[in-house]
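S.K.: I have a structure here, written as structure tokens, and I will follow up with some questions on it.
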Amino acid sequence: MASTNGLGFFESGPIGSSASGLPKWQNQVELYLQPCADVALADLDGDARLDIMATVPSLHSIVVFVHATSGLSLPRFYPAGAGPLAMATTDLDLDGHVDVVVTNSNNRLNVLLGTGTGGFLPPKGFRVGKQPVDVVAADFDDDGDDDLAVACSQAGHVTVLLNNTAPRQPEIVGWR
């Protein structure tokens with residue numbers, strides 16, 4: 001869960017439910033005590049375990065906790081542009097690694113290409129409408145690669161970016 005106090009998660013308790021029908025939880029574990037705007041789960045390093053990512057607007061970055069057999073790693077920070085808000089995960093360059101797309105407070109969308117080891121290359125920015133607040137990835141034009149739709153609250157519209165990057169190209173070249 002993302003909150004204004006930071007990113008936290010609950011370790012699941014014994015199987016069962018409380019009298020209210022909600023799951024029983026053990027301890028809440030605070031992973032990072034910094035305001036976070038969004039959180040996502042994805043297997044960033046190919047080990048079949050979900051890793052945790054969150055946007056941290058005040059640090060202009062995303063924070064990553066890689067899930068290893070011994071537990072979660074120490075936080076790793078990656079630049080994500082001015083005031084990162086919402087994020088989506090996908091494989092934009094079709095290299096088999098999870099990439100992260102982040103909306104920013106400066107009317108930009110930043111793409112961080114995944115390395116396959118739990119890390120990311122420096123962000124590449126694209127201008128979108130005013131005040132982008134959410135982003136989703138899906139194949140809107142049925143060409144086999146994910147495109148992006150960005151909700152822009154101040155502009156009152158959705159910007160759709162159709163991906164024209166060739167498979168396994170080393171960087172995102174643009175949108176059509």
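S.K.: Restricting the first residue to region 116-133 and requiring it to be aromatic (Phe, Trp, Tyr), which pairs with a second residue that is at pLDDT below 90 and part of a loop (DSSP other than H, G, I, E, B) meet a Cβ separation below 9 Å and a spacing of at least six or different chains?
M.R.: Once the first residue is aromatic (Phe, Trp, Tyr) and sits in region 116-133, its partners that are at pLDDT below 90 and part of a loop (DSSP other than H, G, I, E, B) give 126/172; 126/174.
S.K.: Is it true that residue 159 is part of a strand (DSSP E or B), more than 18 Å from residue 55 (Cα to Cα) and at pLDDT below 90?
M.R.: It is true that residue 159 is part of a strand (DSSP E or B), more than 18 Å from residue 55 (Cα to Cα) and at pLDDT below 90.
S.K.: Among the numbered criteria (1) more than 19 Å from residue 57 (Cα to Cα); (2) in a loop (DSSP other than H, G, I, E, B), which one does residue 130 miss?
M.R.: (1)
S.K.: Give the number of residues within region 114-132 that are open to solvent by less than 30 Å² (accessible area, probe 1.4 Å) and under 19 Å from residue 54 (Cβ atoms).
M.R.: 5
S.K.: Follow-up. Could you run through region 44-98 and say how many residues are open to solvent by less than 50 Å² (accessible area, probe 1.4 Å), out of contact with any Asp or Glu (no Cβ under 7 Å at 6 or more places or on another chain), of a type in the set (Gly, Ala, Ser) and not in a loop (DSSP other than H, G, I, E, B)?
M.R.: Going through region 44-98 one residue at a time, the tally reaches 4.
S.K.: Kindly provide the set of residues from region 133-162 that are open to solvent by less than 30 Å² (accessible area, probe 1.4 Å) and among the aliphatic types (A, V, I, L, M), ordered by number.
M.R.: The answer is 135, 148, 149, 150, 161.
S.K.: If you don't mind, another one. Hey, can you tell me all the residues within region 62-79 that are touching a Leu at 6+ places or on another chain (Cβ under 9 Å) and within 17 Å of residue 34 (Cα to Cα)?
M.R.: Residues satisfying the conditions are 62, 63, 64, 65, 75, 77, 78, 79.
The values are calculated or read from the model by the stated rules, or taken from the named source; none is laboratory data. No experiment lies behind these values; they were computed from the predicted model shown. Every residue, glycine as well, gets a Cβ built from its backbone with ideal geometry; the counts of neighbours run over all protein chains shown. Note: accessible area is taken over every heavy atom of the protein model, side chains too, but ligands, DNA and RNA are not part of it. Shrake-Rupley method; radii C 1.70, N 1.55, O 1.52, S 1.80 Å.
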